[in-house]
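**Q** Mind having a look at this structure? Questions to follow.
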Amino acid sequence: MPRKRPGQADDPLKDLRDRIDDLDRRIVELLNARAEVVIEIGRAKQAKGRQVYAPDREREVLDRLADLNEGPLPQRTLQAIYRELMSGSYALEKPMRVGYLGPEGSFSHMAAMRKFGASIEYLPLADIRAVFEEVVREHVDLGLVPIENSLVGGVGETMDAFASHDVRVCAEVLAEVHHNLLANCGPEEITMIASKPEVFAQCRNWISRSFRKVDLIPVASTARAAEMARQQERLAAIGSALAAELYGLKIVFANIEDTAANTTRFLVIGTVSPKPTGTDKTALMFTTAHQAGALVEVLNVFGRAGVNLTNIVTRPSKRRNWEYYFFVDCEGHIDDEPVARAVEEARRHCLELHVLGSFPRVTEPV
């Protein structure tokens with residue numbers, strides 16, 4: 001029997017790759033079949049005047065994937081794939097635009113893209129108030145704004161904007177914040193580092209150990225710092241991996257923040273009022289009479305109703321001295337009877353009370 005020459009032996013790797021190619025062909029066929037149904041859904045939504053983005057449906061899809069997934073593909077990987085798939089679905093139903101605190105490459109931009117994917121249009125805006133205004137004017141379908149950071153607390157500009165704009169909170173996003181040193185030169189050549197003052201504070205220990213003699217240049221945004229690093233020799237920026245990609249910079253050192261557990265919570269604002277999912281939160285804003293025990297009376301209402309308050313933040317109203325807005329998150333949907341009853345009773349103890357929105361609760365970063 002003649003011996004096989006080199007290269008004639010069975011190649012198990014080729015067989016496996018052929019199987020992958022066949023699976024890919026079938027996956028593409030199924031994705032396009034799904035897309036055809038999505039187009040029909042889009043037509044039905046437009047006929048009934050419904051919004052394209054439905055946070056409750058998004059949660060339903062992701063929860064169902066978790067139940068169906070038996071591995072070995074990690075759950076987070078599967079969710080990331082389907083977020084991009086849903087992003088393409090939004091584009092097929094109706095082009096969607098999301099406004100965020102810019103410029104391009106900011107952490108808000110990064111969080112928006114992780115939430116809504118690469119198939120929709122993003123609009124960078126100059127400040128948080130502008131995001132609210134563009135939502136109100138319907139120049140964007142949705143806006144994404146930071147509400148709190150795990151290290152530095154609440155974002156006052158966002159809370160102030162809620163007091164003067166009629167929008168609805170329809171979703172929340174948790175995004176891990178990792179700072180990176182970005183440059184187009186080697187670390188030994190760097191003489192200046194630009195970034196936001198808050199970012200310098202979050203990387204203080206690393207900077208003092210690694211770059212004691214460089215000049216720190218405070219700027220308005222990490223994206224602006226990245227733009228400067230692209231234009232100036234020997235200048236580095238501290239910013240996101242997305243900023244490195246958009247501005248053509250190398251990540252010289254990754255994850256240089258002093259505290260690894262650095263997470264920012266964002267809110268998605270729009271005109272959508274999601275339906276209950278069973279695991280929701282409701283955001284409230286209220287003011288109380290300036291008298292002893294007024295706040296305690298409001299909080300006791302929720303305690304008696306068995307409604308758990310997960311967050312409470314105080315913000316000056318800026319209308320009268322010593323008057324404050326209280327921003328509260330509670331577990332449950334405004335359509336849930338205990339929450340609805342507590343809110344109505346709480347109104348009797350408030351000068352004003354606004355339900356900012358109910359939305360699916362998120363526990364894991366995107």
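**Q** Looking only at strands (runs of 3 or more DSSP E) that fall completely inside segment 274-337, which ones have 3 or more residues that are at negative phi and either among the acidic types (Asp, Glu) or open to solvent by 50 Å² or more (accessible area, probe 1.4 Å) (or both)?
**A** Here the list reads 309-316, 324-331.
**Q** Just the residues that are farther than 23 Å from Glu138 by Cα, among the aliphatic types (A, V, I, L, M) and either without any contact (Cβ under 8 Å) to a residue 40 or more places away in the chain or out of contact with any helix residue (DSSP H, G or I) (no Cβ under 6 Å at 6 or more places or on another chain) (or both), please, taken from segment 36-47.
**A** Of everything in segment 36-47, just one residue is farther than 23 Å from Glu138 by Cα, among the aliphatic types (A, V, I, L, M) and either without any contact (Cβ under 8 Å) to a residue 40 or more places away in the chain or out of contact with any helix residue (DSSP H, G or I) (no Cβ under 6 Å at 6 or more places or on another chain) (or both), namely Val37.
**Q** Are there any pairs with C-beta distances below 7 angstrom linking a residue in segment 212-227 that is under 23 Å from Leu101 (Cα atoms) and in a helix (DSSP H, G or I) to a residue that is open to solvent by less than 90 Å² (accessible area, probe 1.4 Å) and among the hydroxyl-bearing types (Ser, Thr, Tyr), with the two at least 6 apart or on different chains, and if so which?
**A** Pairs found: Thr222/Ser106; Thr222/Ser195; Thr222/Ser240; Ala223/Ser106; Ala225/Ser195; Ala226/Tyr247; Glu227/Tyr247.
**Q** Additional query: Specify which of the listed residues (Glu104, Glu138, Glu121) is of a type outside the set (S, T, N, Q), open to solvent by 60 Å² or more (accessible area, probe 1.4 Å) and under 30 Å from Met192 (Cβ atoms).
**A** Exactly one residue qualifies, and that residue is Glu104.
**Q** Another question about this same structure. On the given criteria, is Pro103 of a type outside the set (Lys, Arg), without any contact (Cβ under 8 Å) to a residue 60 or more places away in the chain and in contact with a Pro (Cβ under 7 Å, 6 or more places away or on another chain)?
**A** Taking the combined requirement at face value, the residue does not satisfy it.
**Q** If you don't mind, there's one more thing I want to ask. Among the residues of segment 228-240, which ones are in a helix (DSSP H, G or I) and crowded, with 22+ Cβ neighbours inside 10 Å?
**A** Result: Ala229, single match.
**Q** So, in segment 283-318, how many residues would count as being at pLDDT 90 or above and among the basic types (Lys, Arg)?
**A** 1
**Q** Same structure again: Going by what's in this entry, would Ile251 be described as assigned to a strand (DSSP E or B), farther than 30 Å from Cys350 by Cβ, among the β-branched types (Val, Ile, Thr) and open to solvent by 60 Å² or more (accessible area, probe 1.4 Å)?
**A** yes
So that you can scan it fast, the table gives a plain yes or no per residue for (1) open to solvent by 60 Å² or more (accessible area, probe 1.4 Å); (2) in contact with a helix residue (DSSP H, G or I) (Cβ under 9 Å, 6 or more places away or on another chain):
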residue: Ala33; (1), (2): no, no
residue: Gly49; (1), (2): yes, no
residue: Arg64; (1), (2): yes, no
residue: Gly71; (1), (2): no, no
residue: Leu78; (1), (2): no, yes
residue: Leu85; (1), (2): no, yes
residue: Ala91; (1), (2): no, no
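**Q** Only one of Val219, Val199 is under 22 Å from the mean Cα position of the chain (by Cα), closer than 26 Å to Met113 by Cβ and buried (at least 17 other Cβ atoms within 10 Å of the Cβ). Can you tell me which?
**A** Going through Val219, Val199 in turn, the sole match is Val199.
**Q** Within segment 96-104, does at least one residue satisfy the condition of being out of contact with any strand residue (DSSP E or B) (no Cβ under 8 Å at 6 or more places or on another chain) and not charged (D, E, K, R)?
**A** The answer is no; no qualifying residue exists.
**Q** Which of the residues that make up segment 251-285 are within 21 Å of Leu151 (Cα to Cα) and of a type in the set (Asp, Glu)?
**A** Scanning segment 251-285 gives Glu257, Asp258.
**Q** Also: When the residues of segment 254-266 are narrowed to those that are in contact with a Pro (Cβ under 8 Å, 6 or more places away or on another chain) and surrounded by 18 or more Cβ atoms within 10 Å (Cβ to Cβ), which ends up modelled with the lowest pLDDT?
**A** So the residue we want is Thr264.
The values are calculated or read from the model by the stated rules, or taken from the named source; none is laboratory data. Predicted model only: the values in this text are computed from it and were never measured. In this analysis, Cβ positions are derived from the backbone assuming ideal geometry, glycine residues included, and neighbour counts consider all displayed protein chains. Note: accessible area is taken over every heavy atom of the protein model, side chains too, but ligands, DNA and RNA are not part of it. Shrake-Rupley method; radii C 1.70, N 1.55, O 1.52, S 1.80 Å.
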